[in-house]
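The values are calculated or read from the model by the stated rules, or taken from the named source; none is laboratory data. Computed from a prediction, not measured in an experiment: that's the story for all the values here. Methodologically, a virtual Cβ is constructed for each residue, glycine included, from the backbone with ideal geometry; neighbour enumeration extends over all protein chains shown.
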Amino acid sequence: MSTTTVSQLDKVKDGPWNGGKSPWNLEYGKIMMWFFLVSDAFTFSAFLIYYGTQKFAQPTWIDADKIFQSIPGIAESGQPLVFVGIMTFILIMSSVTMVLAVDAGHRNRKDEVVKWMLWTILGGLMFLGCQAIEWSHLHHQGFWFGRNPATGLEGNAIVDALAPYFTKDISYTAALQFSNLFFTITGFHGFHVSIGVLLNIIILSMTLNNTFERRGTYLMVEKVGLYWHFVDLVWVFVFTFFYLI
Amino acid sequence: MSHHHENIAAHDHHDDHAGMDKKGIWRVFFILLALTALEFLIALGFVHHWGILQKGMLVNIIYIVLTLVKAFYIVAYFMHLKFEKSGFIVCCSVVFIFILYFIVLMLIEGDFLHGAMQAHPIFPNK
């Protein structure tokens, strides 16, 4: 009698959330990577939203076309957006090679995983190199955490020092806020890229050690791949809000 | 419990990479590249060079829409979220309602500060 009742209940409750199977059909580590990335997206959102608030609140703001004008080694000024375009291309490209590594992992092709991981690491390092060049360029001009080219100057010297970076009115405070936020946000992003390159190197050496071959699955490549794409995703937003708008 | 794990592993190999082959990957890459190129065309061409468009609300909205489309392609195809179970997609995306709310709040705050800082004069301390 009672067994009939139980089996009837079982028949009613066979949805994905009634136990006995994995409702999302995802491995634990992958879900945790997603949840970490969602929380990380909140952190970056908070940074970028604060940048937007400052830009909105200040009566004037630095003109991106004027501050980002150089292509290191080619042109000192007069080329807005070109260098950051190269950086964006490098990062999108390395995102593609990462998907190709994940795809090769699905087919258990160790040689292809190694090849694409190497390209991904190379792309990450190139991006970091570009960012280092850009940072040092701005640093030479006088921008840094808590500092802008007019720091320490008085009177009209402030206006002269900041005039090259503004199209509309000139404001010391706006230049300072821009400087702080630029180095904080691109710095936090660059820190993520560095961690990503490190993780990619670890994954590459594990692949070379046949760790995933023995494990029978290249799922770890996929998890680190998620992180790497997230880094690319953040850059898409940083690029828009710092360089375009 | 062990049965449970086998279940996951067995499924993983099957439908996990449904919908993304090499051709699909390169297609998404060219979409991303085209959208970025369009942003550059607007910024360098239309705004900077030819002066057809002015920097302002309209151009900013175009940039933000293009950015969101790019973000969709990265998350949906490169991060594979489009091919996960719908419950998981909702779980990872619906929380961003709070971010929208935060944006609205901070824009209101910024707008207030914009007016307040100019309306209240600063007097020398002496």
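So here's what we get for this one:
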quantity: Filter pass, A:PHE89 being touching a strand residue (DSSP E or B) at 6+ places or on another chain (Cβ under 6 Å), closer than 17 Å to B:GLU39 by Cβ, free of Cβ contacts under 8 Å to residues at least 60 places away in the same chain and among the aromatic types (Phe, Trp, Tyr); calculated: no
quantity: Flag if A:THR211 is within 20 Å of B:ALA71 (Cβ to Cβ), out of contact with any Gly (no Cβ under 9 Å at 6 or more places or on another chain) and surrounded by fewer than 21 Cβ atoms within 10 Å (Cβ to Cβ); calculated: no
quantity: Tabulated pairs, the stretch B:65-85, first facing chain A (nearest Cβ under 8 Å), second of a type in the set (S, T, N, Q) and not in a helix (DSSP H, G or I), C-beta under 7 angstrom, 6+ apart or interchain; calculated: B:LYS85/A:ASN25
quantity: Scan of the stretch A:135-154 for residues that are in a loop (DSSP other than H, G, I, E, B) and under 21 Å from A:PHE191 (Cα atoms), ordered by number; calculated: A:PHE143, A:PHE145, A:GLY146
quantity: Residue in the stretch A:167-174 that is more than 14 Å from chain B (Cβ to nearest Cβ) and either surrounded by 20 or more Cβ atoms within 10 Å (Cβ to Cβ) or touching a strand residue (DSSP E or B) at 6+ places or on another chain (Cβ under 9 Å) (or both) present; calculated: no
quantity: The listed residue being among the small types (Gly, Ala, Ser) and in contact (Cβ under 8 Å) with a residue 40 or more places away in the chain, out of A:SER70, A:SER45; calculated: A:SER70
quantity: Matching residues in the stretch B:75-126 - criterion: being within 15 Å of the chain's Cα centre (by Cα) and among the small types (Gly, Ala, Ser); calculated: B:ALA76, B:SER93
quantity: Unmet criterion (only one of (1) at pLDDT 90 or above; (2) within 22 Å of B:HIS80 (Cα to Cα); (3) within 11 Å of chain B (Cβ to nearest Cβ)) for A:ASP40; calculated: (3)
quantity: Test: residue in the stretch A:75-89 that is buried (at least 20 other Cβ atoms within 10 Å of the Cβ), β-branched (Val, Ile, Thr) and facing chain B (nearest Cβ under 9 Å); calculated: yes
quantity: Meets criteria (part of a helix (DSSP H, G or I), in contact with a Leu (Cβ under 9 Å, 6 or more places away or on another chain) and either loosely packed, with under 12 Cβ neighbours inside 10 Å or in contact (Cβ under 8 Å) with a residue 12 or more places away in the chain (or both)) for B:LEU38; calculated: yes
quantity: Number of positions in the stretch B:86-126 that are aliphatic (A, V, I, L, M) and facing another protein chain (nearest Cβ under 8 Å); calculated: 7
